[in-house]
1. Note down all Cβ pairs under 9 Å where the first residue falls in segment 71-88 and is at positive phi, the second is open to solvent by 90 Å² or more (accessible area, probe 1.4 Å), and they're at least six residues apart or on different chains.
2. Show the residue pairs that are 6+ apart or on different chains and have beta-carbon atoms under 9 Å apart, the first residue being within segment 97-121 and more than 12 Å from residue 49 (Cα to Cα) and without any contact (Cβ under 8 Å) to a residue 12 or more places away in the chain, the second being open to solvent by less than 80 Å² (accessible area, probe 1.4 Å) and of a type in the set (A, V, I, L, M, F, W, C).
3. In segment 94-115, which residues are buried (at least 18 other Cβ atoms within 10 Å of the Cβ) and either assigned to a loop (DSSP other than H, G, I, E, B) or among the polar types (S, T, N, Q) (or both)?
4. Inside segment 44-53, can you point out the residues that are surrounded by fewer than 18 Cβ atoms within 10 Å (Cβ to Cβ) and modelled with pLDDT under 90?
5. Out of all the residues in segment 57-89, which are surrounded by 16 or more Cβ atoms within 10 Å (Cβ to Cβ) and part of a loop (DSSP other than H, G, I, E, B)?
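The values are calculated or read from the model by the stated rules, or taken from the named source; none is laboratory data. No experiment lies behind these values; they were computed from the predicted model shown. Please note: Cβ atoms are built from the backbone with ideal geometry, for glycine as well, and neighbour counts cover all protein chains shown. Accessible surface areas use protein heavy atoms only, side chains included; no ligands, DNA or RNA. Shrake-Rupley method; radii C 1.70, N 1.55, O 1.52, S 1.80 Å.
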Amino acid sequence: MSLPVVAWIPMVGMLLMIVFGVHQTLPALGLQRSAPLLRAHTLLPEVTFIGHTSPDTDAVCAAIAAAELWGGIAAIPAPPNRETQWVLARFGVPNPPLAQDLPKAPTSWGLVDFASEAQLARTVDKSKVHMIVDHHKIS
């Protein structure tokens, strides 16, 4: 599977964006909302962001942050683990919906915290993957 890697966003930055909001976090990281690396000026409301098949804290938070940053939708492939549930509850962030429970099938997917095709959820149509946002080496 050959897909474009759009950007690398550190997971810590994503967590900060969720907790404090995009507009406060980007300047704190020395970035502007229109920073080319993040392409934050481009809104992608048709993109549903989803992590790998074992939704841990960085995968779920990355999906939420990417959806916030690009104006898309966050989804998860399975219920999050206990640690992730605690983090989301601690900061008052609701769980994203399960991908299979979305009201309509996504027309475009954004993969986050994703390094291998083996991590792709069955609900994701490979032909509709628009972007990958990750910090791993893609294999």
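1. So the pair list comes out as 71/43.
2. From segment 97-121, the pairs are 101/75.
3. Our first condition is that a residue be buried (at least 18 other Cβ atoms within 10 Å of the Cβ); within segment 94-115, this holds for 96, 99, 106, 109-114.
Residues satisfying the conditions are 96, 106, 113, 114.
4. Answer for segment 44-53, where residues must be surrounded by fewer than 18 Cβ atoms within 10 Å (Cβ to Cβ) and modelled with pLDDT under 90: 45, 46.
5. Filtering segment 57-89 for residues surrounded by 16 or more Cβ atoms within 10 Å (Cβ to Cβ) gives 57-70, 72-77, 80, 84, 87-88.
If the condition is that a residue be surrounded by 16 or more Cβ atoms within 10 Å (Cβ to Cβ) and part of a loop (DSSP other than H, G, I, E, B), then 72, 75, 77, 80 are the ones that fit.
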